[in-house]
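To keep things clear, I will list the structure first and then write my remarks on it.
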Amino acid sequence: MGKLIVISNRVAVPKARGAAGAQGGLAGALNSALRDHKGIWFGWSGEESDDEDNEISTQSHDGVTTATIDLSNRDIDEYYNGYANATLWPLFHFRLDLTEYERETGKGYERVNERFADSVAPLIEEDDLVWVHDYHLIPLGERLRSHGLKNRIGFFLHIPWPPTRLFVSLPYHERLVRTMLQYDLVGFQTVDWRESFLHYCSEELGAEVDEETGAVTLDGWTTYARAYPIGIDWDHFQSEGETGDARQAGQRLLSSTRRRTAMIGVDRLDYSKGLPERLDGIARFFDQFPERVSDLVFIQIAPPSREDVDSYRQIRAELEQKAGQINGARSEVDMVPIRYVNRGYSHAELFGFFRAAKIGLVTPLRDGMNLVAKEYIAAQDPLDPGVLILSQFAGAALQMPESLIVNPHSPDDLAYAIRTALDMPLAERQRRYEATIATVRDDNVKQWTDDFVSDLANTGLG
Ligand code: ADQ
C-alpha cells in the first residue's frame, strides 16, 4: 500500500516539531494514521488570499506532510459561509427553515472543490489511499476521478444524513449524490444516517442497494456505505486529566459552587446544539421545583463559531437574552443560577470541569455523533460518577443508551431528567456509568481511523 492522503476543509498544521503528538481528538488520530502511512494532509490553510496563482504551502513534521492552499474572499463567502454552512449544514441537521438555496454559492462550492482537486491531484501516486472528510467536500472524489485517478477513495460524513423527503428540497440533489457514488467507501456516524442514504439511493436514483453489505450499484460501479461511529482520543484525554491544569480547573469550579450541584454544558455555539431549548428546560425545572433552585448551578461553555453566517449571530443574541432573563428572575445577591461563558478551554481544563460537574447536559436537536457526551463520561470518577443527560437525536445516543435519554424539544422532559439526575442514588449512577464506559474507552478515535482505513484498503475497486 502507498501513502495515506487525508483531505479536509481545514488542516491542523503542527506548529513545531513533535506538536502533532500533543494534539487530541480527530487531528491527533489523523496525524497518527498519517505517520503510520507516511501520509499527506491536504486542505485550506484558513487564510484568505486573492492572489490568483497562490501556491500549495507544505510543511513536514514527524513523517507527516501538511499541504495547504489559501482561499479568496469570494471562495470563503460562497463555498464556506455560503453553500457549506448556510445550505448543507442546516439541511443535513433537518433545519429547512434556516436553509438558504443560492445558485451562486452552489457554483462557488463546485469551483472550490475543483480547485482542491487541481491542487491535490499531482500529490497523489498510484497506490495511495485517499480519504476525504465531510460535507464541504462531497463532490471531491468525482472531481479527482475526472483527473484520471483510479485510486481507492473513501469519504466520511461527520454530520447526519437527512431523510429523503427533506433532502430532495436541495436543488440538484441528484447531481450531488451521484458524485458520492464515485467513492469506493462512504462512511456515516450511525446506522440511521446510513439507512437514510441507502433509501435515497434506491428511491431517487434507482440504484441497486444491498442493505446487508451496504453495496450501492449504479451504472456498473459499486460503492459501499457503512457506519463508523467516531470516538474520542481516550489515551490523550486521560493523560490530560492527570495534569495539574485539570485538577486546578476542577477545584476552581467546585469551590465556586458552594455545595450546590454543578451541571455543565460544553458546545460550539451552534443552533444544532439545542442551547435555547436547554435553557427553556432549566427554566421549567426552576418553575416546577422552586424549592430546588438553590441546589443547582448550571455552567454553559459555548465559544462562538461561524460568526459570518446570519443564523449564528441570531442564535448568540437569543441565548444571551434567555440567560439574562432566567438569571434576572432567579439570582440572589451572592449566586446566579446560570453561568454562560463564551470562550474555549483546553482539554485538560474541560476534563477538570466535567469531573467536578455531577450532571452533564448534552441536548442537541440533531448531531452526527457528539464527542462532548463521550468526553463527559470519560472524565468521571468511577467511584462517584456523574449523570449524563443525552438527547435522543445525537448519534451518540445509539451507543450510550444507559444515559438519561431525553427529547430536547420538551422542556418538561428536560426538567424531569434534571430532577432525576439530582436525586439519583450512587448505585444507579455507577450502574449506568459501568454500562457506558467500555464503548467510550474501546470505540475510540484510533480504532475508528484503523477501521476506516483498513476497510478502504480492502474494498474492491468499483
Ligand atoms: P462538532 O459539531 O464540533 O463536531 P462535537 O462532536 O461535540 O461537535 O465535538 C466538539 C469538540 O470540540 C469536542 O472535542 C469538545 O471538547 C470541543 N469543544 C467544544 N466546546 C469547547 C470549548 N468551549 N472549549 C474547548 N473545546 C471545546 C462535528 C459533528 C459531530 C461529530 C464531530 C466528530 O457535528 O456530530 O461528533 O464532528 O465527527
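A 1.4 Å probe run over the chain, with the rest of the protein chains in place, finds 42 Å² accessible per residue. Just to verify a number: FRET efficiency for residue 74 and residue 426, C-beta to C-beta distance, R0 = 51 Å, to 0.05? It comes out at approximately 0.30. Each distinct pair of alpha carbons in the stretch 282-358 adds a 1/r term; the inverse of their mean, the Kirkwood radius, is 14.2 Å.
Please list the equivalent ellipsoid semi-axes of the stretch 133-215, computed as the square roots of five times the alpha-carbon gyration tensor eigenvalues, in descending order and whole angstrom. All intermediate terms of the calculation are to be shown ahead of the outcome.
Values: eigenvalues 76, 42, 34 Å².
Listed largest to smallest, the semi-axes of the stretch 133-215 are 19, 14, 13 Å.
With both labels modelled 7 Å from their Cα along Cα-to-Cβ, the residue 227 to residue 251 distance reads 4.4 nm.
Sequence gap at least 6, Cα distance under 8 Å: using those rules, report the relative contact order of the stretch 305-462 to the nearest whole percent. Don't skip to the end; give the middle numbers.
On the way: 156 pairs, mean separation 26.2, N = 158.
Once divided by the residue count of the stretch 305-462, the mean separation gives 17 percent.
Where does helix 25-36 land angle-wise versus the long Cα axis of the chain, in degrees 0 to 90, nearest 10? With rounding to tens, the tilt is 40 degrees.
How charged is the neighbourhood of residue 84? Take every other residue with its Cβ under 10 Å from the Cβ of residue 84, and add Lys/Arg as +1 and Asp/Glu as -1. List each step's numbers first, then the result.
Details: positive: 306; negative: 78, 134.
Local charge sum for residue 84: -1.
Estimated purely from DSSP H runs of n ≥ 4, each contributing -39500 (n - 2.57), the mean residue ellipticity at 222 nm for the chain is -12500 deg cm²/dmol once divided by its residues. Within the stretch 390-462, the proportion of C-alpha pairs whose separation exceeds 15 Å stands at 67%. The dipole here belongs to the chain: it is taken about the Cα centre, uses +1 on the Cβ of Lys and Arg and -1 on the Cβ of Asp and Glu, and is about 1480 debye.
Kindly state, to the nearest 0.05, the FRET efficiency for residue 101 paired with residue 318, given R0 = 25 Å and r defined as their beta-carbon distance.
Values: r = 24 Å, r/R0 = 0.95.
Using R0 = 25 Å, I get an efficiency of 0.60.
For the chain, the alpha-carbon radius of gyration amounts to 1.00 times the rule-of-thumb value 2.2 N^0.38 Å expected for a compact globular protein.
Only protein heavy atoms count here; under a 1.4 Å probe, residue 354 has an accessible surface of about 0 Å².
Whenever you get a sec, compute what percent of the accessible area on the stretch 269-406 sits on carbon and sulfur atoms (1.4 Å probe).
Details: 2390 of 4940 Å².
The nonpolar share, carbon plus sulfur, comes to 48 percent.
With K and R counted +1 and D and E -1, the other residues having a Cβ less than 9 Å from that of residue 224 yield a net charge of -1. Extending 7 Å from Cα along the Cβ direction at residue 1 and again at residue 235 yields two label points whose distance is 1.8 nm. The long axis of helix 411-422 is offset from the longest Cα principal axis of the chain by roughly 70 degrees. Label-to-label distance for residue 10 and residue 202 is 3.9 nm, based on points extended 7 Å past Cα in the beta-carbon direction. Between the listed residues 272, 228, 199, the Cα displaced farthest toward the positive end of the dipole of the chain, a dipole computed from Cβ unit charges relative to the Cα centre, is found at 272. Surface calculation, 1.4 Å probe, protein heavy atoms: residue 384 sits at approximately 60 Å² accessible.
Tell me, what is the FRET efficiency for residue 450 and residue 49 to the nearest 0.05, using R0 = 60 angstrom and their Cβ-Cβ distance as r? Each step should come with its number before you reach the end.
Numbers: r = 36 Å, r/R0 = 0.60.
After rounding to 0.05, the efficiency reads 0.95.
Take residue 338: with every protein chain present and a 1.4 Å probe, its accessible area is about 10 Å². Taking Cβ atoms as reference points and 11 Å as the exclusive limit, the residues near residue 284 contribute a net charge of -3, counting Lys and Arg as +1 and Asp and Glu as -1. Computed from Cα atoms, the angle from the helix 347-356 axis to the main principal axis of the chain rounds to 30 degrees. The distance from the alpha carbon centre of the stretch 371-386 to that of the stretch 58-87 is 34 Å, rounded to a whole number. The mean sequence separation of alpha-carbon pairs under 8 Å and at least six residues apart, normalised by the residue count of the chain, gives a relative contact order of 14 percent.
In the stretch 22-178, what percent of the accessible surface is made up of carbon and sulfur (1.4 Å probe, ligands and nucleic acids excluded)? Display every interim value, and only then the final one.
Values: 2920 of 6490 Å².
Roughly 45 percent of what the probe reaches on the stretch 22-178 is carbon or sulfur.
Our estimate of slack between residue 329 and residue 384, defined as 0.36 nm per intervening residue step minus the Cα-Cα distance, is 16.5 nm.
Would you rank 436, 261 by solvent-accessible area, highest first, keeping every protein chain in place and using a 1.4 Å probe? Display every interim value, and only then the final one.
Numbers: 436 5, 261 40 Å².
So, going from the largest accessible area down, we get 261, 436.
The values are calculated or read from the model by the stated rules, or taken from the named source; none is laboratory data. This is a predicted model, so every value here is computed, not measured. Cβ coordinates were reconstructed from backbone atoms using ideal geometry, including for glycine residues, and neighbour counts include every protein chain displayed. The protein model used for the area step is the full one, side chains on, heavy atoms only, and it has no ligands, DNA or RNA in it. Shrake-Rupley method; radii C 1.70, N 1.55, O 1.52, S 1.80 Å.
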